[in-house]
Structures are given as structure tokens and as C-alpha cells.
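Some notes on the structure that comes next.
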Amino acid sequence: MRELWAEYHDLLISLNATKWQRIKTLIWDGRRNLLTASLTGFGRAIGEVGAIMIVGGNIDHATRVLTTAIALETDKGDFALTLGLGFGGQHGDPLVVPNRERGALVSITFPLTLSQVRVHRRGKNLLGPIDLTLSKGGPLIVIGPNGSGKTTLLRVMHGIERISNGTLNRTSHDPEKHAYVFQQPAVLLRSVLQNLAYPLLLAGSPKPELESACDQWLAVIGMSDMTNLPATRLSGGERQKLANARGTV
């Protein structure tokens, strides 16, 4: 599920999916993995180590002992905590990573203004400082060498990338007025038609309107005969076409 969330994260935020819509999407697309994990967990639970944990209760700060705690954290993949327990730990909790203040995600529509916007990650300046004002009008082309921050700038303006410093101001907020197509298109573990219809489902569009729009755009991108094909089987170019249609539908 973590890998699926990492793959879907930017796409779901780009489509302005609510918290519950994201959860439903992840559960549905990851249902096979969840079922496998559930069956595996059940098998472990009725095994020897699982039975000991169940009988002992394995209640944190109550009936959990060091041995079962190490076994539990190892199964969870928290090896840092496992090593800390194994070596006896230290005063305080050196394994706890302090929470860092995270900037709020922004969502924009034109016109928008960026003032002294910077993006820092791991001690490296990825973008800025930038002062920029974009108004309604024709197309705008951003040109620059590799690594100059073009993609980061687009992600900041769309609300996917958090800014470290500066401000981003917008005069209105209407997520349905803008879309973002990624360099490496992310596709859901669904059919071509379901991928295309996903933004309309999030917006609660009526079924007739949804079907009409999907049929129209599938014809435009020349994929009408691929309606029920799993999107993961598409070529790179076909995925790009599907992503363009999904961002415009």
C-alpha cells in the first residue's frame, strides 16, 4: 500500500481528491494486496509466535515483553526500533524523528503571483527565489536547461510541491479550472475507460455526462478500441495520450 500511495500521491492531489476519495481509491486498487496480507497475517496469528502474542495479549505498556516487542517490530519492518530494543535503548527516545513543520499545499487558478518563492530539499536549493505573475491569456512556455527547476516550478504552481519560503497568491480557487499532466504519466490499476472517467467520478458528474465525455475523448486520442484494456498495458506514448485526455476531460 505504501508503494501504491507513493505512485498515486501526486496524481490524487493533482485531481483534488478528498481524503476519503484517496482512501477508497487505494483500498480498491490495492484490494488484492490487502487480501494477501490479511491471509498471511491470519496464518501468522495461528502459528506459534502469533499464538504466544495472542495469549500474552501483547498489549503495549501492559503485557508486551521485550522478546515479543522485537519480533513484532521486526515483522513491521521497523528495524531501527528493533535494534534499539535489542541494544537496550538509551534514556529518552533517540529513535524518534522529530516532526518537521510542513508547509500547506496550495491550489491555484489564474491569475497567480509568486513572490520570493524558494524550494529547499535536503539542504539543496531546487528553485528560486522567483518573482512571477501569471495572468489569464494564451499559452506560456517555460524554457531552461536540465535541473534548472522547470518541473518544480510547475509543481509549485499546481499545488503539488510545498514551498519553503515566499508566498503564492491566487485570486480564486477552483480546482476544476486547471489540470496537471506529469512527465511520467501515472495510471491507476484500472481500465483505460476507468482511468479517463476517474476525475469525473471525483467531481460527481452524472453518468450520462460522464459516458459522453469519455466516449468523445477516447475518439479524440484514438483509443476507442482500448476501452476495457488495463491501463498498465499501454505503451509510454499511449499512457501520455491518456494522461492528456484525463487532464482535459
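The values are calculated or read from the model by the stated rules, or taken from the named source; none is laboratory data. The structure presented is a predicted model; accordingly, all values stated were derived computationally and were not measured. Neighbour counts are summed over all protein chains in view; Cβ atoms, including those assigned to glycine, are modelled from backbone coordinates with ideal geometry.
Of Gly247, Gly236, which residue is under 21 Å from the mean Cα position of the chain (by Cα), more than 28 Å from Thr18 (Cβ to Cβ) and either modelled with pLDDT under 85 or of a type in the set (A, V, I, L, M, F, W, C) (or both)?
Gly236
So which residues in the stretch 194-233 are farther than 25 Å from Lys19 by Cα and among the β-branched types (Val, Ile, Thr), if there are any at all?
The answer is Val220, Ile221, Thr227.
Just give me the residues in the stretch 122-143 being part of a strand (DSSP E or B), over 18 Å from Asn169 (Cα atoms) and touching a helix residue (DSSP H, G or I) at 6+ places or on another chain (Cβ under 9 Å), in sequence order.
Taking the stretch 122-143 and keeping what is part of a strand (DSSP E or B), we get 124-134.
Going one step further and asking which of them are over 18 Å from Asn169 (Cα atoms), we end up with 124-126.
Hit for the stretch 122-143 is Leu126, nothing else.
In the set Ala17, Ala71, which member is of a type in the set (A, V, I, L, M, F, W, C), modelled with pLDDT of 65 or more and not in a helix (DSSP H, G or I)?
Going through Ala17, Ala71 in turn, the sole match is Ala17.
Name the helices (runs of 4 or more DSSP H) wholly inside the stretch 151-249 in which the number of residues that are in contact (Cβ under 8 Å) with a residue 24 or more places away in the chain and basic (Lys, Arg) is 1 or more.
Filter on the stretch 151-249 gives 236-248.
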